[in-house]
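The structure appears below as structure tokens.
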Amino acid sequence: MALRIIRKERDPALRKRAVEVNNFSPRLLQLLDDMVDTMLQADGVGLAAPQVGISKRIIVYRDGDVVREIINPVIIKKQGEAVEVEGCLSLPGVLGEVPRCEYVEVKGVDRRQEPLYIKAEDMLARILQHELDHLDGVLFTEKAIKVFSYQEIEKLGEEC
Ligand code: CO
């Protein structure tokens, strides 16, 4: 198992537009495995390559108990809107209410360059949109209609 360092907050790696993958080398396979290990170790539900300092269009995420990966993901259909609370491994201690599409269809390829076509709704659709934003250097706090710190949430809990 090889863990990578998760880039945080103002790291410039989080702000760049990532480039498409066109070299499916053994290094890419290693990166994918490391991203999965890093996401699971951090107890995250998704991770994009820029979050480990690699400016490539790659995401990994959890679909229930299954870990999935998409290389060169593109959203090709979106529908509906929902506002839910989300966080990010790169922004510890912060949560936000973020409007996202309720349903998305995403295409891309897997590590064997086999085409992938994913239909996702609700939480899974949210994860995919959040991770795809990372590939364009966008963090959830930019789209949030409300941002809170964990301390504020704890305080609210005490007041209720
Ligand atoms: Co994130």
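Here, each number is a calculation from the coordinates, and none is a lab measurement. None of the values given here were measured: they were computed from a predicted structure. As a convention, Cβ positions derive from the backbone with ideal geometry for all residues, glycine included, and neighbour counts pool all protein chains shown.
Summary table
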| quantity | calculated |
| --- | --- |
| Extended-chain gain in nm, criterion 0.36 nm per residue less alpha-carbon gap, residue 42 and residue 84 | 13.0 nm |
| Cα shape, the stretch 2-66, gyration tensor, a/c 1.5 rule | oblate |
| Top of 77, 107, 16 by mean-square fluctuation, Gaussian network on the chain, Cα under 10 Å | 77 |
| Pairs of alpha carbons in the stretch 12-159 whose separation is greater than 25 Å (percent) | 26 |
| Extension gain, residue 11 back to residue 155 (0.36 nm per residue minus Cα-Cα distance, nm) | 48.9 nm |
| Most mobile listed residue (36, 45, 66) in the chain, GNM with C-alpha springs under 10 Å | 66 |
| Residue 113 versus residue 33: modelled label distance in nm, points set 7 Å from Cα along the beta carbon direction | 2.1 |
| Convex hull volume per residue in cubic angstrom - Cα atoms of the stretch 46-116 | 108 |
| Top positive-direction residue, dipole computed over the chain with Cβ charges, set 6, 125, 115 | 115 |
| Those lysines that a straight Cα-Cα span of less than 29 Å connects to residue 155, excepting residues fewer than 8 apart in one chain | 8, 143, 146 |
| Highest-MSF residue in the chain out of 111, 100, 62 [GNM, Cα springs under 10 Å] | 111 |
| Positive-end residue of 19, 150, 89, charge dipole of the stretch 12-159 with Cβ unit charges | 19 |
| Ascending count of other beta-carbon atoms within 10 Å, so fewest first, for 126, 4 | 4, 126 |
| Efficiency of FRET between residue 74 and residue 122 - r from beta-carbon atoms, R0 25 angstrom, step 0.05 | 0.75 |
| Sites residue 65 and residue 102 - FRET efficiency at Förster radius 25 Å, r taken between beta-carbons, to 0.05 | 0.65 |
